[in-house]
Amino acid sequence: SQPVVEGLSETFYHGLGEMIELCRHLGKDRAKQEFSEMAREVRRCFNRAAWDGKWFIRGWNDKGDVIGSSKNREGAIHLIAQSWAVLGGISSPKRLRQAIKSVREHLYCEYGPKLFAPMYNTRDPNIGQMTALRGHMNNNPYTHHAIQLIQAYAKLGMGNEAVDLFQRVLPHP
């Protein structure tokens, strides 16, 4: 079966960066080199397989079908994949900024970003739980992962966007 990308590759890459820094601090040059080689390979494979042209795909199901691609009729773009690509620093600044721009274009509403779009209207057992709540039940702002997007904005130096989103997700009277 194909690997799932969303969050896992990005988080793994970020963790490898942390291990590289730890090895540098401890003077473990051989381990630092091994982690560096691993990080280069993860980044190379991720960018080859996960870039969809304007955003990063979410991943693949067990059948090998892509999830979170512009080719998908439902769930074409997923928030978590974009935020974690930035947080993990796994791609070029140009791609990371384009992915976040796509979030703004496709996922934003008055109270922040949706988890994915377009919404799922068809239950798909090959994708799972996210398709079980059909219609508007899966088309609302998702504040839990909006916090990761706020962090991504900050990492990209987009302070105004970070503050704007933070204000959107705060409870309103």
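All of the numbers you see were taken from the coordinates with simple rules; none came from a lab. Since the model is a prediction, treat every value here as computed from it, not as a measurement. Cβ placement follows ideal geometry from the backbone for every residue including glycine, while neighbour counts extend to all protein chains displayed.
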For this session: Can you spot the aspartates and glutamates whose alpha carbon is less than 14 Å from K54's alpha carbon? Ignore those fewer than 8 places along the same chain.
Result: E105
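Return the FRET efficiency for the residue pair S70, H172: r is the Cβ-Cβ distance, R0 is 35 Å, and the value is rounded to the nearest 0.05. Walk me through the numbers before you get to the answer.
Values: r = 33 Å, r/R0 = 0.94.
Taking R0 as 35 Å, the efficiency between S70 and H172 is 0.60.
State the extension gain, in nm to one decimal, for the chain segment bounded by L133 and N160, taking 0.36 nm per residue of separation less the distance between their alpha-carbons.
Working: separation 27, 0.36 × 27 = 9.72 nm, distance 3.32 nm.
Result: 6.4 nm gained on full extension.
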Problem set entry | Amide proton proximity set for Y142, modelled H, under 5 Å, gap of 5+ | K114, L115
Problem set entry | Given 16 as the ceiling on other Cβ atoms within 10 Å, longest exposed-site-free region of the chain for trypsin sites (Lys or Arg not before Pro) in DSSP loops | 74-122
For this session: Would you please classify the overall shape of the chain from the alpha carbon gyration tensor, given that a ≥ b ≥ c denote the square roots of the eigenvalues, rounded means a/c under 1.5, and beyond that prolate means a/b larger than b/c while oblate covers the rest?
Result: oblate
